[in-house]
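For reference, the structure is listed below as structure tokens.
The values are calculated or read from the model by the stated rules, or taken from the named source; none is laboratory data. If you're wondering where the values come from, they're calculated on a predicted model, not measured in any experiment. Ideal geometry is used to build each Cβ from the backbone, glycine not excepted, and the neighbour counts take in all protein chains shown. Ligands, DNA and RNA are excluded from the accessible area calculation, which covers all protein heavy atoms including side chains. Shrake-Rupley method; radii C 1.70, N 1.55, O 1.52, S 1.80 Å.
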Amino acid sequence: MFFAMRIEKAFFIKAAILLSIMLFFFAAPAVAFAGDEDNLKLIREYVKQVPPLTAYGKDTKAMVWQRSHEYKLLADGSMLVRTKWLIYSESPLSESWRNWKFPFVGDERVTIDEAKIYDPISFELYAPLSPKKAESGGLSWYEVNVPPLDIPNVLVISYQKEYPGRWNVDDAIPIGLDLPQWKVEIAVSVPHGSSLTWTTPKDRRVSHRLARGVEDTYIWEFINQFPEGINALEEGNDNFLIFSMRSGWLNAIKPLEDWASGLKSIVPEAVGKFIDNNKQSAGTEILQWVGREDLLLQDFKLSDVRRSPEAIPGEGPWTPWERTVLAAHWLSMAGWDVRINWLPFVVPEEDVPGTPKLISRPILEARTPGSSAYRVYDLRSSAIGGATVPDSLWGETLCFYDGNGVQLKQIDRGSVGDHRLRVKWNLELTELGEAKGTLELNLNGGWPYVVFGGQSPFLDLSSSMRVYPTQIVVRWNEGEISERQGGVRIVYPVSGILGIPSDSQMLLRFPMTAFNFLEALGSMDVGSKLKFPFLVEGIVTLRLPQGFEAFSMPSLQSKKDGKIQWEQKIDKKSRGRIVEANWRLLVNETSINEETFLTLRAGFKALQQWNNLAIPIRKK
């Protein structure tokens with residue numbers, strides 16, 4: 001009877017899934033795919049091999065079982081790339097993993113070989129997904145939309161892309177993702193005897209296999225990769241495998257310079273009017289105008305697409321790369337002295353893969369008419385009034401073409417005083433232990449980019465910051481933002497329980513914030529570098545209920561000497577009616593040697609006690 005019920009339940013679940021997929025795609029045309037048996041064989045193997053999702057954290061709802069990338073050079077000089085994904089999930093995937101886009105420009109060709117959803121329990125095909133062609137802003141792509149499913153399923157997507165006339169095999173592949181990965185395999189085939197230059201991810205212990213034959217195939221394999229957050233405090237932390245049959249900075253930058261030079265003929269009507277009306281103010285007006293959302297193709301999957309001048313719409317919208325390069329030309333027309341710089345994902349210490357894929361994005365360096373000082377502009381960064389350096393670029397290395405070769409330069413890291421992160425709690429306590437007030441964040445220098453990752457507006461921190469105790473609620477969507485000199489201030493309303501009353505006494509806990517990016521410093525390798533020195537400080541001001549006073553203040557450990565310092569203290573004011581707590585961590589060293597690493601860890605350990613710190617208060 002029970003078995004019959006399970007079969008009946010499974011039948012209805014499967015029927016519901018099929019119905020949801022059909023409704024999701026409505027009357028999508030049928031697409032013939034092959035390879036079900038091969039996929040099911042892989043799924044059976046991974047069901048046996050792969051740890052459960054809980055092994056990667058209690059909140060993990062999906063993971064990549066397999067990711068494979070195969071590269072080869074065809075006889076006609078085309079580069080062919082074959083890619084396959086198997087993604088297991090037990091609940092709806094996030095939006096970025098449900099919406100797949102495969103852009104192509106010029107004579108590039110994209111083929112979606114298969115897009116299917118399988119049942120990893122009965123080992124059957126749930127349903128195929130139908131790719132569709134889309135166009136927007138003069139750009140074309142294929143897309144596959146995955147329906148939200150609340151049951152175990154395996155998404156299989158495989159596709160290939162052909163780049164005619166490339167005469168090279170090159171790419172930059174991110175190794176770390178925001179999902180766990182069981183197996184990642186990258187195979188790069190080049191004609192026998194040809195050279196290949198590569199730079200491996202930040203883990204320098206990565207090795208490769210080489211299979212020689214008519215083609216020489218280089219193979220990299222990564223097993224059991226945990227989800228990887230972005231540690232924006234670490235210099236050169238981008239976890240990429242970058243390779244090319246060519247080598248040297250010139251081969252990486254010169255094609256980008258040639259492409260950028262070809263866009264000078266694109267001048268929108270609005271830009272022409274700015275320059276004709278008032279050339280003195282035209283540059284500022286251009287920078288404000290290009291920030292309009294309707295002029296930008298904002299999907300990150302399309303961010304680095306580079307179209308030919310003929311394919312770029314004169315009035316927009318443009319990809320982020322196109323927008324930055326076009327802005328450089330328009331500022332030059334307004335009389336500014338402008339140079340395009342290029343920000344690399346990594347700066348290899350030795351062999352440099354000669355591919356434009358080494359570059360993250362273009363950066364502008366400009367000087368207004370009559371000025372002797374240049375200023376750096378990152379149009380992807382959130383603009384902060386009065387900032388001398390964009391919050392995204394402190395300590396970064398830029399490269400530029402000087403007409404003969406490529407030069408590298410590092411942007412100033414700044415001082416501790418340039419990079420202050422202050423967390424300030426201002427709360428009032430009731431006799432029932434309830435607290436109400438505000439949480440104020442002040443972020444200067446590079447901190448806005450570290451905290452918000454270039455996203456605007458500066459508001460929701462719930463994904464990158466945890467609040468203790470958990471009974472305290474921060475209303476992230478009600479923050480009030482104001483820009484200050486070189487920084488930003490945000491005030492959030494706060495309420496919750498901090499006190500545990502007992503007769504005429506109360507145990508009072510202190511609110512504390514824990515930032516993911518600070519905790520990530522504890523996993524940095526010896527030999528790593530920080531982008532900039534910094535100061536992080538917390539201030540808690542608690543006004544006690546009428547008639548209550550604090551007593552028995554704890555003694556807390558501090559370290560007030562050296563390049564890494566921390567300080568923590570609790571004081572009472574107004575005859576014990578106000579309790580004020582302070583903690584601070586100062587890091588005035590950017591090179592992480594063994595001693596620095598151990599001192600940093602000791603500082604973090606000392607400050608972690610604030611997550612559970614409490615003091616007694618009493619009624620007079």
Checklist line | Unmet criterion (only one of (1) open to solvent by 40 Å² or more (accessible area, probe 1.4 Å); (2) farther than 30 Å from Asp59 by Cβ; (3) in contact with an Asp or Glu (Cβ under 6 Å, 6 or more places away or on another chain)) for Thr197 | finding: (1)
Notebook entry, point to check: Pick from Ile570, Ile497: which is touching a Pro at 6+ places or on another chain (Cβ under 8 Å) and open to solvent by less than 30 Å² (accessible area, probe 1.4 Å)?
Noted result: Ile570
Item checked: Residue list for region 540-590, filter: closer than 25 Å to Lys619 by Cβ and among the acidic types (Asp, Glu) -> Glu549, Asp571, Glu580
Next item on the list: Determine whether Glu162 is within 14 Å of Trp85 (Cβ to Cβ) and touching a residue at least 24 places away in the same chain (Cβ under 8 Å).
Entry: no
Check: So Val31 clears everything in (1) open to solvent by less than 80 Å² (accessible area, probe 1.4 Å); (2) at pLDDT 70 or above except one condition, right? Which one?
Finding: (2)
Notebook entry, point to check: Within region 573-612, restricting attention to residues that are among the basic types (Lys, Arg) and open to solvent by 70 Å² or more (accessible area, probe 1.4 Å), which residue is modelled with the highest pLDDT?
Noted result: Arg584
Notebook entry, point to check: Out of region 218-253, which residues are in contact with a His (Cβ under 8 Å, 6 or more places away or on another chain) and closer than 30 Å to Ala55 by Cβ?
Noted result: Ile219, Trp220
Check: Is it true that Val267 is in the same structural domain as Glu365 (by the TED database) and more than 23 Å from Lys101 (Cβ to Cβ)?
Finding: yes
Note to self: So Val271 ticks every box in (1) surrounded by fewer than 17 Cβ atoms within 10 Å (Cβ to Cβ); (2) hydrophobic (A, V, I, L, M, F, W, C); (3) over 24 Å from Gly527 (Cβ atoms) but one. Which box is left unticked?
What the structure shows: (1)
Item checked: Subset of region 284-315 [in contact with a Gly (Cβ under 7 Å, 6 or more places away or on another chain) and surrounded by 17 or more Cβ atoms within 10 Å (Cβ to Cβ)] -> Leu295, Leu297, Ile312
Item checked: Residue within region 461-481 that is open to solvent by less than 20 Å² (accessible area, probe 1.4 Å), at pLDDT 90 or above and at positive phi present -> no
Next item on the list: Give the residue, chosen from Ser89, Ser94, that is over 30 Å from Ser189 (Cα atoms) and modelled with pLDDT under 95.
Entry: Ser94
Margin query: Condition (residue is among the basic types (Lys, Arg), part of a loop (DSSP other than H, G, I, E, B) and over 19 Å from Trp425 (Cβ atoms)) applied to region 574-582: is it met by at least one residue?
Written below: yes
Checklist line | Some residue of region 331-338 being open to solvent by 10 Å² or more (accessible area, probe 1.4 Å), acidic (Asp, Glu), over 18 Å from Ser381 (Cβ atoms) and under 26 Å from the mean Cα position of the chain (by Cα) | finding: no
Check: In this structure, does Ser558 turn out to be open to solvent by less than 60 Å² (accessible area, probe 1.4 Å), at pLDDT 95 or above, over 29 Å from the mean Cα position of the chain (by Cα) and among the polar types (S, T, N, Q)?
Finding: no
Item checked: Condition met for Lys254 (in contact (Cβ under 8 Å) with a residue 60 or more places away in the chain and more than 17 Å from Val352 (Cβ to Cβ)) -> no
